[in-house]
Amino acid sequence: MASLSTPPRVMAIHAHPDDIEFQCAGTLALLKDAGCEIVMITMTPGDGGSAEMGNEEIAAVRRQEAIESAKLLGAECDCLEFRDLSIVHDNDSRRRVSEALRRHRPDIVFTAPPIDYMSDHEVTSHLVRDACFSASVPNYATKQWDPAPITERIPYLYYVDPLEGIDYFGRDIPPQFVVDISTKFELRQKMLACHDSQRAWLRAQHGVDEYMTSSETWAKKRGSLINVAHGEAFRQHLGHPYPHDNILLELLGENLVKAL
């Protein structure tokens, strides 16, 4: 088992405001109760997410919504200021994400899945995976202003579900384990409700007005895999040289973390 900070630090980093809430806020709330420090990071401020407001106007709204959501959890909040539909996998992007890892120094990282319905999510996943490794490399310079020192270790890395739990061809992507978030589901919904502008955007762009309901439906579906009311599902990155033991079992216990 890798050595952890005291208290353990947990980073959830996803592409857009509300992605974290939709996929892993219940688990973050459980970890908060277990004594962990939590930071919630978005790659972009959601600057493309409006049919009525311009980029900077909607970005300001959605940054504030993200802050209000994080407050409900007692978490830090940060944005790396990439732009919607413009997250790319290149050296500058890798340096920016690696600097975020060095600055926040997490023991545990949650991020987007490698396969998902849009590029911003997939590139975020790739960049975060790279950054978990490169942040600890002494000769890897991030070339950012006032750079933080290298991290002491590679953190535990977990991927949240892809949207609807499927790949490009509609085939299931089975999770490795599910966390019982039944006691934290109400808080998760309150956090998600902070992102009111996203609900308006989905309604205008995609004809979807089931923002809160779809969150509940999916949490119930994942919970049903382990016979609980609400669940969040994950896969752990187990490639060399990332930690291979499931630290969530130690922090939350077998009554909440159940392998499939």
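Per-structure values
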| read-out | value |
| --- | --- |
| Which of Tyr211, Tyr117 has the fewest Cβ neighbours within 10 Å, and the rest in rising order | Tyr117, Tyr211 |
| Cross-link partners of Lys71 among lysines (Cα-Cα below 24 Å; sequence separation of 8 or more within a chain) | Lys32, Lys184, Lys190 |
| Residues listed by number, segment 221-249, amide nitrogen under 20 Å from Ile166 label point at 7 Å toward C-beta | 221-225, 233-235 |
| DSSP-defined antiparallel bridges as percent of all bridges, the chain, nearest 5 | 40 |
| For Phe177, residues with placed amide H under 5 Å, excluding near neighbours | Phe234, Leu260 |
| Table column - 3J(HN,Hα) (Hz), segment 142-159, Karplus curve with 6.51, -1.76, 1.60, x for Gly and Pro | 7, 6, 9, 5, 6, x, 7, x, 4, 7, 7, 7, 7, x, 5, 10, 10, 9 |
| Lys/Arg +1, Asp/Glu -1 at C-beta; segment 9-259 dipole; positive extreme among His121, Val97, Ala66 | Val97 |
| Simple label model, 7 Å out from Cα along Cβ direction - Leu238 to Ser214, nm | 3.1 |
| Quarter of the Cα convex hull surface for the chain, i.e. its orientation-mean projected area (nm²) | 13.1 |
| Inter-centroid distance (Cα atoms) of segment 242-260 relative to segment 10-36, Å | 16 |
| Normalised contact order of the chain, rounded percent, pairs of Cα under 8 Å and 6 or more residues apart | 23 |
| Length gained when the stretch Asp196-Gln144 is fully extended (0.36 nm per residue, less Cα-Cα span) | 15.4 nm |
| Dipole of segment 1-58 [Lys/Arg +1, Asp/Glu -1 at C-beta], most positive-end residue of Phe22, Ser3, Cys36 | Ser3 |
| The chain: DSSP helices with Cα axial extent of at least 18 Å and average Kyte-Doolittle hydropathy no lower than 0.0 | 19-33 |
| Between segment 222-238 and segment 123-166, the alpha-carbon center distance in angstrom | 24 |
| Nearby aspartates and glutamates by direct alpha-carbon distance to Lys220 (threshold 18 angstrom, same-chain neighbours under 8 apart not counted) | Asp19, Glu21, Asp161, Glu164, Asp172, Asp180, Glu186, Glu210, Glu232 |
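Every read-out reported here was derived from the displayed coordinates using simple, explicitly stated rules and does not represent laboratory data. All of these numbers come straight from a predicted model, not from anything done at the bench. Heads up, the Cβs are rebuilt from the backbone with ideal geometry, glycines too, and the neighbour counts pull from every protein chain shown.
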